[in-house]
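Presented below is the structure to which this report refers.
The values are calculated or read from the model by the stated rules, or taken from the named source; none is laboratory data. Please read all numbers here as calculations on a predicted model, not as lab measurements. All Cβ positions, glycine included, derive from the backbone under ideal geometry; neighbour counts span all protein chains shown.
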Amino acid sequence: MTQKLYCYVDETGQDTKGKLFIVVAIVIENERDDLINKLEKAEKQTKKWKKKWFKTKKEIQSKYIELVLSSSIIKKIVYYQTFHQSAAYQDLTCLVVAKAINRYLGIRKIKNYKASVFVDGLSKKLENRISKILRDLGVKIRKVRGVRDEANAIIRLADSVAGMVREIDEDKSKFKSFKRQITELE
């Protein structure tokens, strides 16, 4: 039987022109709807709503990250990698997606799968290119789609984690203790 995987991806750092680039990938199976419900409830409870990380007040960021990352459903599904001195954004994004999916597959001992990959802000024009790169990296792709973070709670989580990791990397954050709850890829 073919297992359906879903991978939600966001990044930060293109504004640094390659000095810093962080990609976050969230890989999940059939508990996707449950995760979306929990994330939307956390957004409402903390009053984060659908705001991007950098537009959210610090105390709300803290409440949201603490609430979400303490959830057992988050364990071993949030992956990230930080890059320095590279502007190969699409290739690095695909590399992180491939690594995250492979790590997830290894943990859950899944052999047969097809992945649907959702990338924040990806244009229609780039969907086929990203699909090809991922296939070349050995990822079994069902589809690749661009999405907007306003429309998806999992993409908003990826945006928040990317923002948090960036603040930690730039030494501007008190979120270092939360970094243990997500998986850094090498």
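Hey, residue 167 hits all of (1) surrounded by 15 or more Cβ atoms within 10 Å (Cβ to Cβ); (2) in contact with a strand residue (DSSP E or B) (Cβ under 6 Å, 6 or more places away or on another chain) but one; which does it fall short on?
(2)
Would segment 24-42 turn up any residue that is farther than 29 Å from residue 92 by Cα, modelled with pLDDT of 90 or more and basic (Lys, Arg)?
Yes, segment 24-42 has at least one match.
Which residue pairs have Cβ atoms closer than 7 Å, lie 6 or more positions apart in sequence or on different chains, and pair a first residue in segment 55-68 that is modelled with pLDDT of 90 or more with a second residue that is polar (S, T, N, Q)?
Pairs found: 60/46; 63/46; 64/46; 64/160; 65/160; 67/45; 67/46.
Hey, could you check segment 43-79 for residues that are among the charged types (D, E, K, R), in a helix (DSSP H, G or I) and within 21 Å of residue 33 (Cβ to Cβ) and say which is farthest from the chain's Cα centre (by Cα)?
Residue satisfying both the conditions and the ranking: 44.
Given the structure, is residue 20 under 22 Å from residue 105 (Cβ atoms) and either in contact (Cβ under 8 Å) with a residue 12 or more places away in the chain or buried (at least 18 other Cβ atoms within 10 Å of the Cβ) (or both)?
It is false that residue 20 is under 22 Å from residue 105 (Cβ atoms) and either in contact (Cβ under 8 Å) with a residue 12 or more places away in the chain or buried (at least 18 other Cβ atoms within 10 Å of the Cβ) (or both).
Which of the residues that make up segment 86-122 are in contact with a Leu (Cβ under 8 Å, 6 or more places away or on another chain), of a type in the set (D, E, K, R) and surrounded by 15 or more Cβ atoms within 10 Å (Cβ to Cβ)?
If the condition is that a residue be in contact with a Leu (Cβ under 8 Å, 6 or more places away or on another chain), of a type in the set (D, E, K, R) and surrounded by 15 or more Cβ atoms within 10 Å (Cβ to Cβ), then 99, 103 are the ones that fit.
Tell me which residues, restricted to segment 123-142, are polar (S, T, N, Q) and loosely packed, with under 13 Cβ neighbours inside 10 Å.
Once the filter is applied, which keeps residues that are polar (S, T, N, Q) and loosely packed, with under 13 Cβ neighbours inside 10 Å, segment 123-142 yields 123, 128.
Determine whether residue 13 is on the phi > 0 side of the Ramachandran plot and crowded, with 18+ Cβ neighbours inside 10 Å.
So residue 13 fits the description; yes.
Among the residues of segment 43-84, what is the count of those that are buried (at least 19 other Cβ atoms within 10 Å of the Cβ), hydrophobic (A, V, I, L, M, F, W, C) and either over 23 Å from residue 167 (Cα atoms) or touching a Phe, Trp or Tyr at 6+ places or on another chain (Cβ under 6 Å) (or both)?
The total comes to 3.
For segment 1-31, how many residues meet the condition of being part of a helix (DSSP H, G or I) and closer than 15 Å to residue 68 by Cβ?
0
Applying the selection to segment 146-186, what residues are of a type in the set (Ser, Thr, Tyr) and touching a residue at least 12 places away in the same chain (Cβ under 8 Å)?
160, 183, listed by residue number.
For residue 44, only one of the following conditions fails: (1) over 22 Å from residue 169 (Cβ atoms); (2) of a type in the set (Lys, Arg); (3) in contact with a helix residue (DSSP H, G or I) (Cβ under 9 Å, 6 or more places away or on another chain). What is its number?
Every listed condition holds for residue 44 apart from (3).
For residue 145, are the conditions met, namely being of a type in the set (D, E, K, R) and surrounded by 16 or more Cβ atoms within 10 Å (Cβ to Cβ)?
no
Only helices (runs of 4 or more DSSP H) wholly contained in segment 80-186 count here; list those with 1 or more residues that are within 18 Å of the chain's Cα centre (by Cα), within 26 Å of residue 69 (Cβ to Cβ) and at pLDDT 95 or above.
89-108, 153-169
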